[in-house]
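Heads up: the structure comes next, in structure tokens.
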Amino acid sequence: MRPTAKKARNLSLFIISAFVLSACSEKAPIRVEEFAVQGLYSAALSEDGSAAVVGSIEHGGSYWRTALNDRRYNWNHAKGEYTSIISADIDPTGEFAATGSARTLVLWRTSDGHSVGFWDTPGNIQSLKLTDNGDFALVGLDDQTARYFDVKNGGIKQTFRTGAIVRAVDVSPDGRLALTGDDKYHVTLWNVRTGKKKFEWTLSNQIAAVALSDDGKYAFGSAQLGTAKVWSTQTGKVVTTVYTGSLKARKRTISSAVFSRNDQQLLIGGVDSRVSLVEIPTGQVLKEWDLHLRDTLQPTGASVLALSFSNGSRYFAIGSNGFLNVLE
């Protein structure tokens, strides 16, 4: 018996809907490696995900080669102690890395693990990002500023005053643009050379994460339990609003974000252990994954601390529970 036209249309819609839901359903990691049993304060990945720096709750800082799950170096800020690494980064070339404790910033060579310089900061470090070759670091502080450090020679080259604690920062690889997110709900784009604001955008809550595309054309910002957007750094206009939940439901907090090299996609991760691949022009979620979680040992949850695109169709994510997740 042939189906009626109405039934056929309903069947087609059902198949299409099922396909869309299947395409965006959460997937599990294809590989998981443990970096820390008791969890992490911080983590950073190289641009291609081949290297990682983590700040372990129990054993301080360390540098890893992810392909072999190889812990190459232990990085602590004083002999005989395990430093609480609050923030870390690997420069775009992969040659240098930086770690930040309460008021100490350290630059390291990834080739041999040796320190290049130790620097004191005028406030407690909240976040940090390096420019190409580790020449400069943008550091977000609790003294209501972000400071642009010459981490190879010493000295603060620029100070960006926000009037609130700076929770999140990013800087373009060429050191031309700086991006800050603060507790007054502002995401601010700065001209590093002049120290002046280029654009300032306001979201719905304290800023949880910011990101700049490598070419400096796009900026991302997300609020705690609130809104998330992508803006053009040339016009200041909204390019995409990233879905974080309905008005009635508790909104998602995006804790980490990174742009693809071609500016077409955005990889985001939240405090809910979820990683999403978003198409920038449309805001559509293309893929989603859930991080690996511990069954019994603490911590059982995981916030996404670091993300990266691989050279192929794989992605990397590090959770606060101490696991590296390879996603596909």
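Restricting to the range 229-263, and then to whatever is in contact with a strand residue (DSSP E or B) (Cβ under 8 Å, 6 or more places away or on another chain) and farther than 26 Å from residue 318 by Cβ, can you tell me which residue is most open to solvent (accessible area, probe 1.4 Å)?
237
Of the residues that make up the range 260-274, is at least one in a strand (DSSP E or B) and touching a Phe, Trp or Tyr at 6+ places or on another chain (Cβ under 7 Å)?
Yes, the range 260-274 contains at least one residue that is in a strand (DSSP E or B) and touching a Phe, Trp or Tyr at 6+ places or on another chain (Cβ under 7 Å).
Within the range 6-16, can one find any residue that is farther than 28 Å from residue 328 by Cα, modelled with pLDDT of 90 or more and not hydrophobic (A, V, I, L, M, F, W, C)?
no
What are the residues in the range 103-124 that are among the aliphatic types (A, V, I, L, M), buried (at least 20 other Cβ atoms within 10 Å of the Cβ) and more than 17 Å from residue 146 (Cβ to Cβ), if any?
Across the range 103-124, the qualifying residues are 106, 107.
Could you check the range 77-131 for strands (runs of 3 or more DSSP E) lying wholly inside it with 1 or more residues that are in contact (Cβ under 8 Å) with a residue 12 or more places away in the chain, touching a Pro at 6+ places or on another chain (Cβ under 8 Å) and closer than 28 Å to residue 214 by Cβ?
125-130
Suppose we filter 198, 184 for residues that are of a type outside the set (Phe, Trp, Tyr), surrounded by fewer than 23 Cβ atoms within 10 Å (Cβ to Cβ) and in a strand (DSSP E or B); which single one remains?
Being of a type outside the set (Phe, Trp, Tyr), surrounded by fewer than 23 Cβ atoms within 10 Å (Cβ to Cβ) and in a strand (DSSP E or B) holds for just one of 198, 184, which is 198.
Sort out which residues of the range 141-161 are open to solvent by 20 Å² or more (accessible area, probe 1.4 Å) and within 18 Å of residue 202 (Cβ to Cβ), and write them in order of number.
Selection gives 144, 161.
Give just the number: which of (1) open to solvent by 10 Å² or more (accessible area, probe 1.4 Å); (2) under 19 Å from the mean Cα position of the chain (by Cα); (3) within 27 Å of residue 261 (Cβ to Cβ) does residue 165 not satisfy?
Every condition holds for residue 165 apart from (3).
The values are calculated or read from the model by the stated rules, or taken from the named source; none is laboratory data. In this text, all values refer to a predicted model and were calculated from it rather than measured experimentally. Backbone-built Cβ (ideal geometry, glycine too); neighbour counts: all protein chains shown. Accessible surface areas use protein heavy atoms only, side chains included; no ligands, DNA or RNA. Shrake-Rupley method; radii C 1.70, N 1.55, O 1.52, S 1.80 Å.
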